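Everything below concerns the one structure shown next.
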């Protein structure tokens with residue numbers, strides 16, 4: 001790979017030398033080359049920065065995905081715990097009905113969230129995140 005910084009420094013020296021010798025045309029040509037090297041250097045730096053940022057975003061996404069899965073599992077355990085508490089909080093028949101209703105609602109919400117979560121996880125895997 002070209003060391004753009006080194007090339008730019010060398011071109012600066014060559015431009016000064018050409019101007020000292022009175023070769024304006026050569027100095028102009030070297031200045032054009034220097035400008036191209038500077039553009040290449042900037043482009044390379046931007047690509048490197050973009051790559052680092054993309055890697056950082058992907059890593060953050062992976063961590064959020066794993067945290068989401070943990071929270072999803074905790075939600076399931078907490079929902080089951082509340083369901084059990086409801087079952088025993090009321091009289092036998094009413095407790096069973098309340099717990100059953102709550103369990104059905106909890107299951108629907110959990111399935112809805114699980115579908116969304118799996119869609120996001122699948123998309124991340126497809127995009128190699």
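Quick one: which residue in 9, 42 is at pLDDT 85 or above, part of a helix (DSSP H, G or I) and loosely packed, with under 12 Cβ neighbours inside 10 Å?
42
Tell me which residues, restricted to the stretch 83-95, are exposed (fewer than 15 other Cβ atoms within 10 Å of the Cβ) and in a helix (DSSP H, G or I). The answer is 84, 85, 88, 89, 92, 93, 94.
Applying the condition of being touching a helix residue (DSSP H, G or I) at 6+ places or on another chain (Cβ under 9 Å) and free of Cβ contacts under 8 Å to residues at least 12 places away in the same chain to the stretch 1-16 and asking which residue is nearest to residue 43 (Cα to Cα) yields 1.
Of all residues assigned to the stretch 45-59, at least one qualifies as being surrounded by 12 or more Cβ atoms within 10 Å (Cβ to Cβ), in a helix (DSSP H, G or I), under 20 Å from the mean Cα position of the chain (by Cα) and modelled with pLDDT under 80.
The values are calculated or read from the model by the stated rules, or taken from the named source; none is laboratory data. None of these values were measured; they are calculated from a predicted model. Glycine gets a Cβ as well: all are built from the backbone with ideal geometry, and neighbour counts include every protein chain shown.
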